[in-house]
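Beneath this line is the structure, given in structure tokens, with notes to follow.
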Amino acid sequence: MSIVADKPATKIPGGTWSIDPVWSALEFEVKKIGLINVKGRVPGFSGTIQGGEQPSIEGTVDISTITTFDETRDGHLQSPDFFDTQRYPELHFESNTVEVQGDELVVTGDLTIKARTKPVELTGSFLGSAVDPYGNDRIGLELVGTINRTDFGLNWNNPLPSGDLALANEVEIIAELQFVQAA
């Protein structure tokens, strides 16, 4: 019995699959003062895939769990300058299409942050399926995409002496997800 998929699959197997948060990662990166990416991680998220001929993906993030591993910055992200978690404790994604195009998985859907819903596209790979050592059927996906944070009302910024802004508007989202088939 192997926990490694033999090869990438071309179709998400039928049934309902739930994210296993222990074996998954949801991360983001945003450029700060034009030099380096500030990276963050989201430990509090859940979601499902409905597999088969017309697969769908949905997921929810508990925004209060977002961390950049700096308490001051994380507190600022929770404030009204950014996510305003007192008023908007979650963000939500729901797919419109999930397609395997050649070797690439293309997911389009609607992302809602601060009650603003915008279309997004994520691309990556459906890594296939495997059975873990305990007999659970699993599937894996890797997805990435870029959003403009200002589309969702995350407008805070700080001007630099050069006239540029401290924080880029583009945020890269990186999802490495493992799902277990629901009983």
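Residue-level check: of (1) more than 26 Å from P80 (Cβ to Cβ); (2) free of Cβ contacts under 8 Å to residues at least 60 places away in the same chain, A175 misses just (2). When the residues of segment 72-119 are filtered to those that are among the acidic types (D, E), open to solvent by 40 Å² or more (accessible area, probe 1.4 Å) and farther than 21 Å from A25 by Cβ, the one that is modelled with the lowest pLDDT is D103. A count restricted to segment 104-141 and to residues that are over 16 Å from the mean Cα position of the chain (by Cα) and closer than 17 Å to G51 by Cβ stands at 9.
When segment 30-43 is filtered for residues that are open to solvent by 20 Å² or more (accessible area, probe 1.4 Å) and in a loop (DSSP other than H, G, I, E, B), the ones remaining, listed by number, are I33, G34, L35, P43.
May I ask you to verify whether L122 is under 21 Å from L26 (Cα atoms) and modelled with pLDDT of 95 or more? Yes: the conditions hold for L122. None of G153, G140, G102, G145 is under 26 Å from I12 (Cα atoms) and either in contact (Cβ under 8 Å) with a residue 40 or more places away in the chain or in contact with a Cys (Cβ under 8 Å, 6 or more places away or on another chain) (or both) except G140.
Say whether the condition of being in contact with a helix residue (DSSP H, G or I) (Cβ under 9 Å, 6 or more places away or on another chain) and open to solvent by 50 Å² or more (accessible area, probe 1.4 Å) is met by at least one residue in segment 128-147. Checked against the condition, which is being in contact with a helix residue (DSSP H, G or I) (Cβ under 9 Å, 6 or more places away or on another chain) and open to solvent by 50 Å² or more (accessible area, probe 1.4 Å), segment 128-147 yields no hits at all.
The values are calculated or read from the model by the stated rules, or taken from the named source; none is laboratory data. Model, not experiment: these values are computed from the prediction. Here the Cβ is made from the backbone with ideal geometry for all residues, glycine too, and neighbour counts use every protein chain on show. We work out accessible area using only protein heavy atoms, side chains counted, and drop any ligands, DNA or RNA first. Shrake-Rupley method; radii C 1.70, N 1.55, O 1.52, S 1.80 Å.
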